[in-house]
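Participant: My questions all concern the structure below.
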Amino acid sequence: MTWPPSTTAICMEMGVIYIDTGPLLARHLAHDQYHEEAVADWKRLASSPQRLFTSNFVLNEMVNMLAWRAGYRFAVERARNLFDSPRLTILRPNEHEEAKALTLMQRYADQKVSFTDCISFVLMRKHRIRRVLTFDRHFQLAGFEVWR
C-alpha cells in the first residue's frame with residue numbers, strides 16, 4: 001500500500017461508517033423523533049475505533065436544518081465542531097460524481113430519494129463504504145448496511 005493511504009484504501013481496511021444527515025441533526029434536537037436513538041448511537045461511536053465519513057452535501061443539509069430549528073449560532077458552533085473533528089473525513093464529489101448522482105436520482109424518482117442521498121450513494125460506492133448511520137430507508141434500498 002502507498003503512503004499516505006488513499007481514502008478508498010482506508011475504507012477497505014478499517015471499520016468505516018458513513019454518517020447521514022438524520023443522526024447528525026437528531027443528536028442536537030431534543031424534540032426530534034430520533035433524538036434518543038441518535039444520542040445512544042453517538043455514545044457508541046465515541047467509544048469505538050470506527051472511522052467516520054460524510055459528505056459536504058450532508059453537512060450542508062444538517063447545518064441548514066439545524067439553523068432553522070435551533071438557531072444560526074447554535075448551528076455554526078456544531079458545524080465548526082464537525083469540520084474540526086479529527087475522526088470525521090468529509091468527502092466532496094466532483095462534477096462526474098454529481099452527474100452520476102443525478103442519474104441515480106432519476107432512477108429512484110418513484111422513491112423520492114434526495115440528491116444529497118444520491119451523492120452519498122455515489123461517494124460510498126467510490127470509497128467502498130458499506131455501512132451507514134442513518135434513519136433513512138433509502139440507504140437500504142440502495143444496498144447499504146445500516147449500522148446500529
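Participant: Could you please find all residues in region 42-56 being more than 18 Å from Ser120 (Cα to Cα), without any contact (Cβ under 8 Å) to a residue 40 or more places away in the chain and assigned to a helix (DSSP H, G or I)?
Facilitator: Trp42, Lys43, Arg44, Ala46
Participant: Out of (1) at pLDDT 95 or above; (2) within 30 Å of Ser47 (Cβ to Cβ); (3) loosely packed, with under 14 Cβ neighbours inside 10 Å, the odd one out for Asp117 is which?
Facilitator: (3)
Participant: Taking the criterion of being surrounded by fewer than 17 Cβ atoms within 10 Å (Cβ to Cβ), touching a strand residue (DSSP E or B) at 6+ places or on another chain (Cβ under 8 Å) and touching a residue at least 24 places away in the same chain (Cβ under 8 Å), would at least one residue in region 68-81 satisfy it?
Facilitator: Scanning region 68-81, I find no residue that is surrounded by fewer than 17 Cβ atoms within 10 Å (Cβ to Cβ), touching a strand residue (DSSP E or B) at 6+ places or on another chain (Cβ under 8 Å) and touching a residue at least 24 places away in the same chain (Cβ under 8 Å), so the answer is no.
Participant: Next up: Checking the conditions here, which among Pro93, Pro86 is out of contact with any Cys (no Cβ under 6 Å at 6 or more places or on another chain), part of a loop (DSSP other than H, G, I, E, B) and over 12 Å from Val58 (Cβ atoms)?
Facilitator: It is Pro86.
Participant: Answer with yes or no whether Thr116 is touching a strand residue (DSSP E or B) at 6+ places or on another chain (Cβ under 8 Å) and assigned to a helix (DSSP H, G or I).
Facilitator: Criteria met by Thr116.
Each row is one residue, and each column tells you yes or no for (1) closer than 18 Å to Pro93 by Cα; (2) at pLDDT 95 or above; (3) aliphatic (A, V, I, L, M); (4) not in a loop (DSSP other than H, G, I, E, B).
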{"position": "Met1", "(1), (2), (3), (4)": "no, no, yes, no"}
{"position": "Ala9", "(1), (2), (3), (4)": "yes, no, yes, yes"}
{"position": "Met12", "(1), (2), (3), (4)": "no, no, yes, yes"}
{"position": "Pro23", "(1), (2), (3), (4)": "no, yes, no, yes"}
{"position": "Ala40", "(1), (2), (3), (4)": "no, yes, yes, yes"}
{"position": "Val58", "(1), (2), (3), (4)": "yes, yes, yes, yes"}
{"position": "Glu61", "(1), (2), (3), (4)": "yes, yes, no, yes"}
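The values are calculated or read from the model by the stated rules, or taken from the named source; none is laboratory data. Fair warning: this is a prediction, and the values are worked out from it, not measured in the lab. Note: ideal-geometry Cβ built from the backbone for every residue, glycine included; neighbour counts use all protein chains shown.
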